[in-house]
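Any read-out appearing in this document is the output of simple, stated calculations on the displayed coordinates, not a laboratory observation. Here the structure is a predicted model, which means the values were calculated and not measured. Here the Cβ positions follow ideal geometry from the backbone for every residue, glycine too, while neighbour counts run over all protein chains shown.
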Amino acid sequence: MELTVNLKSRLDEIKRKFPFAFSSVLPAIHAVQEEFGYIPLEIEPAVARYLAVPQERIREVTTFYFMFNNRSVGKYHIYLCSNVSCWLRNYESILAYLEKKLNISAGETTPDGRFTISLVECLGMCEQAPVMQINGISYGDLTPEKIDRILDNLD
Amino acid sequence: MEKVTITLNGQQIETTTDKTVLQTALDNGIHIPHYCYHPGLSIAGNCRMCLVEIEGIPKLQISCNTFCRDGMVVHSTNDRVRKAVRQVLEFLLINHPLDCPVCDQAGECWLQIYYMTVGQYDSRFTGNKVIKHKKATPIGKWVMLDQERCITCSRCVRFTREISKTNEMVIFNRGDHCEINTYPGRELENRYSANIMDICPVGALTCRDFRFKCRVWYLESADSICPSCARGCNIVIHHNPHRPHKRNGARVMRLKPRYNPEVNKWWLCDDGRYNYRFIDQGRLRHCSVLSPTGREQLYLDEGLRRLAELLRQTPPRQTLLLLSAHSSNEEAFAARRLFDQSLGCLCKLPDEGVFTGDQDDFLIREDKHPNTNGVLRIFGWQTSDLLPMADLLDFVAQKNIKVLLVNRHELSADILGQLDQLECRLVYLGTNVTPAAEAAYLAVPLATFAEKEGTFTNCDGRVQKFSPAFLALGDAAPEWEIYSRLAQHLGLEQAFPSAAEVFEQLRTGNPFFQKLEFHEIGAFGELGAP
């Protein structure tokens, strides 16, 4: 798998910012995820060559951090908090509603490739529990009606 | 760096500010439990076993990454520390399988050792253990990985990053999912790979060659020098004298590196480590002579009597001894005394295996002999005096050589045939049965490096001593003993009674060895005169 032109220019930009090659691994992986939606195993050697770090170091970082996806995800990636505050505010009913509405269970992607549900730890908005985050935008005080509204407003 | 004094367990210890508390303790014979710390690798500080109490600091500190300061008061054995270390061990062992009876590391496993010294708790864990991937995955030619035994100390990861610089080993994932492995589809492929199973403190990385050959508590050890290249890495021969019925009578079980700060530090290359089978397999055990009915076995003295007869019948300038750089300094000296000085035979060191071009900037040298340097210095030669193996036949023809004594060298079928045509009698002295030994008029068995005492001079001029692990097989003997007996048959007043006494004779006449004293050459060897 080869690097796209767009990704190459992103990596060039990142490389310029850091004094050591290894420092650029984390932002570089972010750029790869933005490009492909996940980190394909096949792209890692190319990225490693481009950054002049061993491919092992790329894999090490991608598997360490939860928010790098190792396989392809939906267009909308739903993070649903399952930590203490959201648990006290019954995130389980929200999860059940989401799973029923999208007809998938947590960790899966809808067949049309639009939605993926992932259970995550605290999203830092405990005052609005239960909380979810879709592609970086957070939504709090979730109810089934609110979820309908949010998901229907996505294209 | 400045000199300071710290108090460790009530004992005043002088140290320096560039040393950590753990290093200082280890240097002074105080053992603080540790897994991730290795003196040859960078400090990771992740196993938390080396916790100590330092007065004035409220929390316990890891001694591997705390540098000494003047007046520091450290406790490594008080109740608070012992309790904390016991709990760290409890966590490290929480998912560890109880498979010691079938684990090859048992007996030299630091989990077992620390469980007995600082652990000894009853397990409080009632949940199910997290079980990692399947057992015993080969990750390279020599190394077997059992992920579930790993405590992720990261020594292997740091070794491949810092020493072999090949980066194969990585810790993937995080928390209790984390596991060491190689990159998907990549093998552990470097010439120092087996070192990672030496430094693995537990049974996660074991040796595919040694697995299940022998329980480590049956092993005996002898300090030796690796004979596989001119570096002369310090090794330990682990052998099993008590159970010869196992492993078909093989004695050597494995070779392990031995610490020498001046030569190999803690490491050994795979080529050297696994080059030990010739010690037990295919050995030349007895003298034999070529007779019309085939090879006839002789007693050593009868063989040497015939050799003496042959030497007496042949003019010395028509006798050529091909020396071997596998001979020790003492053996090369005895050869020079007897053949060069007393008999006046021609002596040559062939260049076979000297300029192989196979070397790196770490340990591996292109010269695949342990003692080329020593033999050259004993005969007062330069590398330009080596006899190119390709010119051997020309040399034999030109000088009209009638007796060729070959010490250990392998001769091709072509050369053997040509020697026959030149009516040159071949006498083979060697450790193993080779085509040359089988074609030779007379074959004389020699002891391997593991069966004799002596010294090698490595590429840097360091004279290093090795000791015998066990007795030689059959009639095999060190060269100086063979030459001593041969001298008797020749009616010469020459005796080489022991390696120490031959070394004594050697050093009196050779400025390079003059300052050295055989019995004073220590574990790290000593440099000869510049």
Over segment B:19-53, the set of residues part of a loop (DSSP other than H, G, I, E, B) and of a type in the set (Gly, Ala, Ser) is B:GLY29, B:GLY40, B:SER42, B:ALA44, B:GLY45
Per the filter on segment B:310-331, residues in contact with a His (Cβ under 8 Å, 6 or more places away or on another chain) and not in a strand (DSSP E or B) are B:SER324, B:ALA325, B:HIS326
Residue pairs within 9 Å by beta carbon, gap of at least six or interchain, first lying in segment B:41-58 and more than 23 Å from B:TRP267 (Cβ to Cβ), second surrounded by fewer than 20 Cβ atoms within 10 Å (Cβ to Cβ) and among the small types (Gly, Ala, Ser), listed first then second, are B:ARG48/B:ALA84; B:LEU51/B:ALA84; B:GLU53/B:ALA84
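Can you name every residue in segment B:67-113 that is of a type in the set (Val, Ile, Thr) and farther than 18 Å from B:GLN11 by Cα? Steps first, answer last, please.
First, pick out the residues of segment B:67-113 that are of a type in the set (Val, Ile, Thr): B:73-74, B:77, B:81, B:85, B:88, B:94, B:102, B:113.
Those that are of a type in the set (Val, Ile, Thr) and farther than 18 Å from B:GLN11 by Cα: B:VAL85, B:VAL88, B:ILE94, B:VAL102, B:ILE113.
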Conditions (1) free of Cβ contacts under 8 Å to residues at least 24 places away in the same chain; (2) under 31 Å from the mean Cα position of the chain (by Cα) -> B:THR20 fails only (1)
By residue number, the members of segment B:162-191 that are more than 11 Å from chain A (Cβ to nearest Cβ) and either surrounded by 23 or more Cβ atoms within 10 Å (Cβ to Cβ) or assigned to a strand (DSSP E or B) (or both) are B:LEU188
Log entry, pairs with first residue in segment B:222-234 being on the phi > 0 side of the Ramachandran plot, second being part of a loop (DSSP other than H, G, I, E, B), beta carbons closer than 6 Å, six or more apart or on different chains, reads B:GLY232/B:PRO370; B:GLY232/B:ASN458
Restricting segment A:50-85 to residues that are among the polar types (S, T, N, Q) and part of a helix (DSSP H, G or I), the one farthest from the other protein chains (Cβ to nearest Cβ) turns out to be A:SER85
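Would you check if B:ALA443 is of a type in the set (A, V, I, L, M), surrounded by fewer than 20 Cβ atoms within 10 Å (Cβ to Cβ) and not in a loop (DSSP other than H, G, I, E, B)? Before you say what the answer is, go through the steps one by one.
Numbers: of a type in the set (A, V, I, L, M): yes; surrounded by fewer than 20 Cβ atoms within 10 Å (Cβ to Cβ): no; not in a loop (DSSP other than H, G, I, E, B): yes.
So B:ALA443 fails the test.
Only one of these is buried (at least 19 other Cβ atoms within 10 Å of the Cβ) and either within 14 Å of chain B (Cβ to nearest Cβ) or not basic (Lys, Arg) (or both): A:LEU88, A:LEU26, A:LEU119, A:LEU123. Name it.
Exactly one residue qualifies, and that residue is A:LEU123.
Among B:LEU393, B:LEU387, B:LEU346, which is the only one that is within 30 Å of B:TYR299 (Cβ to Cβ) and either basic (Lys, Arg) or crowded, with 16+ Cβ neighbours inside 10 Å (or both)? Even if it seems obvious, please write down each step before you answer.
Values: B:LEU393 fails: within 30 Å of B:TYR299 (Cβ to Cβ); B:LEU387 fails: within 30 Å of B:TYR299 (Cβ to Cβ).
Answer to the selection: B:LEU346.
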The residue that is surrounded by the fewest Cβ atoms within 10 Å (Cβ to Cβ), considering only those in segment B:269-319 that are of a type in the set (S, T, N, Q) and more than 17 Å from B:ALA477 (Cβ to Cβ), is B:THR293
Worksheet item: Would you call B:GLU148 among the acidic types (Asp, Glu), more than 9 Å from chain A (Cβ to nearest Cβ) and farther than 24 Å from A:ALA48 by Cβ?
Response: yes
Among the residues of segment B:501-530, the number that are touching a residue at least 40 places away in the same chain (Cβ under 8 Å), assigned to a helix (DSSP H, G or I) and under 23 Å from the mean Cα position of the chain (by Cα) is 2
